[in-house]
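For reference, the structure is listed below as structure tokens.
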Amino acid sequence: MLVTTKEMLLDAQAGHYAVGAFNVESLEFVMAVVKAAEELRSPVIMQTTPGTVKYANLDYFAAMCRVAAEQASVPVAIHLDHGDGFDRAVQAMKAGYTSVMIDGSHDTFEDNIALTASVTKVAKPLGIPVEAELGKVGGKEDDGPAVKGENPYTDPDEAREFVERTGCTSLAIGVGTAHGVYTETPHIEQSVVKAIRSVVDVPLVLHGTSGVPDDQVAEAVSNGICKVNYATELRQAFMRGFMGYMAENPGTFDPKKPNKPGMAEITDLVKVRMTNLGSVNKA
Ligand SMILES: [Zn+2]
């Protein structure tokens, strides 16, 4: 069933678990992620970045995810990840996304508030939840440049003020993670998660989670994270399965054949992550 992220994340917050948000790149990703959710009876969020949306368009991805959601026996939400402006966020809502992120984290504090508030004003009457971001999740985000050397932590007092003034329904925070592939083991600063949780009452979101050890993620969930994003490692999983098949069967010309082990790799990975997040049997 197709749902918004609102109830899903509030349920997770109340139940002290997190819902996985998995970036989907194609029909194969969509089918593989939903399969994992159904097998584990877990709620699930499928999301696309503007970079992925440019590859096809919002309508294609919305339609694909909507069909998957309507046929699924578990709650499925379709989320715009890293919405890069007011227009894109509104287009996503029109296309049928049931949740959007507006990412003003590269702007000043005041500009981020103004941008986020402009989106929540449109989304609220439509019943569409809005994720915002405050602070810096480092690394290479979508198809943008790599970010390095900035203070990665979100300030708890700023977070409280930000949520009050913008009306955002969930908040992505900087706690030491980064997007893309890690060159050394990342460290989630748990004290920052706890400090923000104690002053902010909306669900908190963790970005840049591919490559973060599961025990650190589980601890962050116990400290108040309710949505956890995975993108890079799904791509890696798919390509591992696909390329592995092609290496063994180089003459293959039917894409369905290498797609199958690619999808199986994604489903296996998503099940491991859902289990770690505690969302199994929460559908
Ligand atoms: Zn992100």
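The values are calculated or read from the model by the stated rules, or taken from the named source; none is laboratory data. Please read these numbers as outputs of a predicted model, since none were measured by experiment. No Cβ is skipped: glycine too gets one built from the backbone with ideal geometry, and neighbour counts run over all protein chains shown.
The table below lists the values:
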item	result
Subset of the stretch 232-275 that is out of contact with any strand residue (DSSP E or B) (no Cβ under 9 Å at 6 or more places or on another chain) and polar (S, T, N, Q) - its residue that is surrounded by the most Cβ atoms within 10 Å (Cβ to Cβ)	T267
Evaluation of L171 against (1) outside any strand (DSSP E or B); (2) within 16 Å of the ligand (Cβ to nearest atom); (3) at pLDDT 90 or above; (4) in contact with a helix residue (DSSP H, G or I) (Cβ under 7 Å, 6 or more places away or on another chain) (one fails), failing number	(1)
Subset of the stretch 53-76 that is in contact (Cβ under 8 Å) with a residue 40 or more places away in the chain and β-branched (V, I, T) - its residue that is surrounded by the fewest Cβ atoms within 10 Å (Cβ to Cβ)	V74
Subset of the stretch 178-202 [in a loop (DSSP other than H, G, I, E, B) and either within 13 Å of the ligand (Cβ to nearest atom) or closer than 27 Å to T166 by Cβ (or both)]	G180, I188, E189, V200, D201, V202
Residue match in the stretch 198-217 (condition: under 22 Å from E7 (Cβ atoms) and among the charged types (D, E, K, R))	yes
Pairs, first over 23 Å from I196 (Cα atoms) in the stretch 119-137, second charged (D, E, K, R), C-beta under 9 Å, six or more apart	G127/K6; I128/K6
Residues of the stretch 114-139 satisfying the condition of being more than 21 Å from N57 (Cβ to Cβ), away from the ligand (no atom under 14 Å from the Cβ) and surrounded by 22 or more Cβ atoms within 10 Å (Cβ to Cβ)	T116, P129, V130
Long-range neighbours under 7 Å by Cβ, at least six apart or interchain, first residue modelled with pLDDT of 95 or more within the stretch 264-276, second polar (S, T, N, Q) and surrounded by 19 or more Cβ atoms within 10 Å (Cβ to Cβ)	M274/S42
Number of positions in the stretch 164-218 that are surrounded by 22 or more Cβ atoms within 10 Å (Cβ to Cβ) and among the polar types (S, T, N, Q)	6
Test result for A21, closer than 14 Å to K271 by Cα, touching a residue at least 24 places away in the same chain (Cβ under 8 Å) and under 16 Å from the mean Cα position of the chain (by Cα)	yes
Pairs where the first residue, in the stretch 31-42, is free of Cβ contacts under 8 Å to residues at least 60 places away in the same chain and crowded, with 24+ Cβ neighbours inside 10 Å and the second is not β-branched (V, I, T) and not in a helix (DSSP H, G or I), C-beta under 6 Å, 6+ apart	V34/A72
Meets criteria (crowded, with 22+ Cβ neighbours inside 10 Å, under 25 Å from G174 (Cβ atoms) and not hydrophobic (A, V, I, L, M, F, W, C)) for H79	yes
Exclusive hit being touching a helix residue (DSSP H, G or I) at 6+ places or on another chain (Cβ under 8 Å) and within 16 Å of the ligand (Cβ to nearest atom), set V221, V205, V212, V228	V228
Criterion violated by V280 - all others in (1) in a helix (DSSP H, G or I); (2) of a type in the set (A, V, I, L, M, F, W, C); (3) more than 18 Å from N23 (Cβ to Cβ) satisfied	(1)
